[in-house]
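What follows is one structure encoded as structure tokens, with my remarks underneath.
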């Protein structure tokens, strides 16, 4: 995904709509490109070159343009976010006396598992 492209466009004082008009593409096409990494039909490299050229015309720093086209794998972002979360532990639930009786349990089988 091109997640760095949106902030670059905003930092130049431009909008996605202005980029779309400059490239003679629809606003939806630019939105799909930025949000979902779905490129317009045709040559992908040619489209990327046209976007880079337009950003340079607007005065963007070449390093910022290069950073904007750096791909981020959304699966890696999601997995790292999941790893950072604290695990949620369920509170100990006691078995109801009727459940113990029906299952013929004389003691709570989960009683010794909690530390």
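Tabulated results
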read-out: Residue count, the range 1-29 (criterion: in contact (Cβ under 8 Å) with a residue 12 or more places away in the chain, over 18 Å from residue 60 (Cα atoms) and assigned to a helix (DSSP H, G or I)); value: 0
read-out: Residue count, the range 30-59 (criterion: part of a loop (DSSP other than H, G, I, E, B) and farther than 17 Å from residue 12 by Cβ); value: 7
read-out: Some residue of the range 68-90 being within 23 Å of the chain's Cα centre (by Cα), modelled with pLDDT under 90 and surrounded by 13 or more Cβ atoms within 10 Å (Cβ to Cβ); value: yes
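The values are calculated or read from the model by the stated rules, or taken from the named source; none is laboratory data. No experiment lies behind these values; they were computed from the predicted model shown. All Cβ positions, even for glycine, are placed from backbone atoms using ideal geometry, and neighbour counts span all protein chains on display.
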